[in-house]
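Enquirer: The following block contains the structure, expressed as structure tokens.
Computed from the coordinates by the stated procedures, all read-outs in this text should not be read as laboratory data. Every value quoted in this text rests on a predicted model; they were computed, and no experiment measured them. Glycine gets a Cβ as well: all are built from the backbone with ideal geometry, and neighbour counts include every protein chain shown.
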Amino acid sequence: MRLAFSGYPTRQMIMQRTLVKDALHSESAQPALLVQGWIRTRRDSKAFSFVEINDGSCLKNLQIVVDATLPDYAKIEQLTTGTAISVEGKLVPSQGKEQKWEMVATRVNVLGPADQTYPLQKKGHTLEYLREIAHLRPRSNLFGCVLRVRSRLAYAIHTFFQERNFVYVHTPIITSSDCEGAGELFRVTCFDPAKPPPLLDGKVDHTKDFFGRPTYLTVSGQLEGEILACALSNIYTFGPTFRAENSNTSRHASEFWMIEPEMAFCDLAGNMDLAEEFVKYLIQDFLTHCREDLELFLRFVDKELLQRLEFVLNRPFKRVSYTEAIDILVKSGKTFEFPIQYGVNLQSEHERFLTEEYFKCPVTVFNYPKEIKPFYMRANDDGKTAAAMDVLVPRIGEIVGGSQREERLDVLQENMKRHKMNAENYSWYLDLRRFGTVPHAGFGLGFERMLMFITGVGNIRDVIPFPRTPGHAEF
RNA sequence: UCCAGAGUAGCUCAAUGGUAGAGCAGCCGGCUGUUAACCGGCGGGUUGUAGGUUCGAGCCCUACCUCUGGAGCCA
């Protein structure tokens, strides 16, 4: 039986390249195949050398038996971890116990040697060390798994929404609205930093800048997403987000990816339903399609991972109003570093208590006091709360934040006044309420935080290939 | 930014204020259908940086740098 085509040979190659993954999953022996990859480890025997190569197509390596009678065998014996090689040979049942198939080489070409200074040894490395060599860590077992799962997760996100008739839209990365409440922004300018900027009445004259106004990298596509939802009904964005906060934690990055669905004709309850269905879908997809990578996370990252994911999958998220949450915290009798008080935001320790100790499952907290929420969230009839919701999960905390949006023009204008905002800058946003306004709602899900939750990896810097954090933009 | 902890060989870590060491990796040799192979040998250090205390500092003190964990901000 012929192996499925899954590689692209260079022009000189006569044989089609077979991926390691396909070779390992072969249903039969193969008289001739070509495999290319990087050496992970090599062991010598008297009459031959065992070379294990990995090409990133899966976690496992392919064991290649190189017989000492091959020409240039002396060179084979010098091959070190990290070397890129191209191997022709046949696929045969392995005599060893650890693998079903192995390859007997008829020809080995060294494409790219790696000398003894190659930083990845054939042993476990700490995550901290791997971060210092972010250009090579994709070749490590753990990071290879993370990147394959990251890819699959992105795919599952699109599948989820496409199956539900959500339209994938692209909101701008460069924006002029300093999206209220979402923290510090990265400024986008073409002014020469070596020269003083043009002034007008003693202030920087932004009309002379590239866009003729102050511009920033987006902190959220939500406001633009609302525009598109109020035309296409259900939309989602999936793109990079930038926040210039000086946050130094294991779950914050200056550049991260976010998924933001927005639904017209939808209220807070519908929003919470979607968030829960979405999170569960992604977990299920991972458990179905990333089994081999899951095994590695279970072994080396988090022994309770599978247990926790199945637990989350198998029962409804707890839903409590902010007021109920405060009540639970007060009645718990626990002493917290930050005392519980109605009207202030839940602290990390409070969120952790709710999700890790009290409910022991994801918790959706809704109807927060309107004073601690942004202007665009819909005011509830009680006059005190806003139709906001956060999904909290064990270990990570907030993974989803969203709300029903204020669709009533007069209420929205009142909110903007209270937040001391200049309504002129948001005339387009107000127009949505002037012309055919509808109830609508949406949320943001942190892509990397979801990836952390799914893989058990504890630091956001280890689920992004090239993390950007304060003081760090290497690679 | 704040609080706490840590910086010793390429990597992971030892070393009561008194001659800096091990495992792994590397190199050399041996054994072997091996599985992060195994056995023997060899090389490898400005102990994060700069000061200070001391007869003597990897260890004690001060400042700075870097990393880690936690907090705030949030996704």
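Enquirer: Say R0 is 56 Å: what FRET efficiency, to the nearest 0.05, do A:Tyr118 and A:Asp410 get from their beta-carbon distance?
Expert: 0.25
Enquirer: Continuing with this model, one more query. What size of dipole, in debye to the nearest 20, comes out for region A:107-220 about its Cα centre when the only charges are +1 on Lys and Arg C-beta atoms and -1 on Asp and Glu C-beta atoms?
Expert: Numbers: 15 positive and 11 negative charges, 169 e Å.
Its charge dipole is roughly 820 debye.
Enquirer: Checking the table A:Lys331/A:Lys373; A:Lys97/A:Lys303; A:Lys208/A:Lys370 against a 29 Å threshold on Cα-Cα, which pairs fail? Intermediate results must be reported in sequence, preceding the final value.
Expert: Working: A:Lys331/A:Lys373 25 Å; A:Lys97/A:Lys303 25 Å; A:Lys208/A:Lys370 39 Å.
Table pairs above 29 Å Cα-Cα are A:Lys208/A:Lys370.
Enquirer: Sticking with this structure for a sec: Work out the length of the dipole vector of chain A about its Cα centre, built from +1 on the beta-carbon of each Lys and Arg and -1 on the beta-carbon of each Asp and Glu, and round it to the nearest 20 debye.
Expert: Details: 57 positive and 60 negative charges, 257 e Å.
The dipole magnitude comes to about 1240 debye.
Enquirer: Label A:Lys46 and A:Asp327 with points 7 Å out from Cα along Cα→Cβ: what is the distance between them in nm?
Expert: So the two model labels end up 7.9 nm from each other.
Enquirer: If you scale each eigenvalue of the Cα gyration tensor by 5 and take the root, what three semi-axes come out for region A:20-112, rounded to whole angstrom and sorted largest first?
Expert: Ellipsoid semi-axes (Å, largest first): 19, 15, 12.
Enquirer: Can you give me the orientation-averaged projected area of the convex hull built on the Cα atoms of region A:109-178, in nm²? Can you show the working numbers first?
Expert: Numbers: hull surface 38.1 nm².
Mean shadow area of the hull around the Cα atoms is 9.5 nm².
Enquirer: Compute the length gained on full extension between A:Glu474 and A:Asp267: take 0.36 nm times their separation in residues and subtract their Cα-Cα distance, giving the result in nm to one decimal. Show your work: numbers first, answer last.
Expert: On the way: separation 207, 0.36 × 207 = 74.52 nm, distance 4.28 nm.
Length gained between A:Glu474 and A:Asp267: 70.2 nm.
Enquirer: Size of the dipole of region A:20-112 about the Cα centre, Lys and Arg at +1 and Asp and Glu at -1 on the beta carbon, nothing else charged, in debye to 20? Write down the numbers at each step before the final one.
Expert: Details: 11 positive and 11 negative charges, 32 e Å.
Result for region A:20-112 is approximately 160 debye, rounded to the nearest 20.
Enquirer: Could I ask something else about it? Restricting to DSSP H runs of at least four residues, report the calculated mean residue ellipticity at 222 nm for chain A, -39500 (n - 2.57) per run over all residues, nearest 500 deg cm²/dmol. Could you put the intermediate results ahead of the total?
Expert: Numbers: 13 runs with 132 residues, N = 475.
Calculated from helices alone, the mean residue ellipticity at 222 nm is -8000 deg cm²/dmol.
Enquirer: Okay, which of region A:80-123 sit inside 13 Å, backbone N to the point 7 Å along the Cα-Cβ direction of A:Tyr129?
Expert: Once the point is set 7 Å along Cα→Cβ of A:Tyr129, A:118-123 turn out to lie under 13 Å by backbone N, inside region A:80-123.
Enquirer: What is the calculated FRET efficiency for A:Ile173 to A:Arg291, with r their C-beta to C-beta distance and R₀ = 41 Å, to the nearest 0.05?
Expert: Numbers: r = 35 Å, r/R0 = 0.86.
The calculated FRET efficiency here is 0.70.
Enquirer: Same structure, new question: For region A:111-188, which trypsin sites (Lys or Arg not before Pro) pass both filters: DSSP loop (anything but H, G, I, E, B) and at most 10 other C-beta atoms within 10 Å? If you can, show how the numbers build up before the last one.
Expert: Details: sites: A:Lys122, A:Lys123, A:Arg131, A:Arg139, A:Arg148, A:Arg150, A:Arg152, A:Arg164, A:Arg187; in loops: A:Lys122, A:Lys123, A:Arg164.
When the trypsin sites (Lys or Arg not before Pro) of region A:111-188 are filtered for loop state and at most 10 Cβ neighbours within 10 Å, A:Lys123 remain.
Enquirer: With the Cα gyration tensor of region A:91-244 giving a ≥ b ≥ c as the square roots of its eigenvalues, does the rule (a/c under 1.5 for rounded; else a/b larger than b/c for prolate; else oblate) give rounded, prolate or oblate? Kindly include the intermediate steps, with their values, before the conclusion.
Expert: Numbers: a/c = 3.52, a/b = 1.76, b/c = 2.00.
Oblate is the answer for region A:91-244, as a/c is 1.5 or above yet b/c matches or exceeds a/b.
Enquirer: Using only Cα atoms, what is the ratio of the radius of gyration of chain A to 2.2 N^0.38 Å? Kindly include the intermediate steps, with their values, before the conclusion.
Expert: Values: Rg = 27.1 Å, N = 475, 2.2 N^0.38 = 22.9 Å.
Taking N as the residue count of chain A, the ratio is 1.18.
Enquirer: Something else now. Rank by packing, highest mean first: peptides A:193-200, A:333-340, A:98-105, with packing defined as the count of other Cβ atoms within 10 Å averaged across residues.
Expert: Working: A:193-200: 9.2, A:333-340: 10.9, A:98-105: 16.8.
Going from most to least packed, we get A:98-105, A:333-340, A:193-200.
Enquirer: If you average over every viewing direction, what projected area does the convex hull of the Cα atoms of region A:296-424 give, in nm²?
Expert: That works out to 10.5 nm², a quarter of the Cα hull's surface.
Enquirer: Given the Cα-Cα distance of A:Glu337 and A:Lys21 and 0.36 nm per residue of separation, how much length would full extension add, in nm? List each step's numbers first, then the result.
Expert: Details: separation 316, 0.36 × 316 = 113.76 nm, distance 5.05 nm.
Working it through step by step, the gained length comes to 108.7 nm.
Enquirer: Related question: Going Cα to Cα from A:Lys75, which lysines come in below 24 Å? Please leave out same-chain ones fewer than 8 positions away.
Expert: Of all the lysines, those that pass the test against A:Lys75 - Cα under 24 Å, at least 8 places apart if same chain - are A:Lys46, A:Lys90, A:Lys122, A:Lys123.
Enquirer: Consider a paramagnetic label point 7 Å from the Cα of A:Val104 along Cα→Cβ; state which residues of region A:37-56 have an amide N under 18 Å from it.
Expert: Residues passing the 18 Å test: A:45-52.
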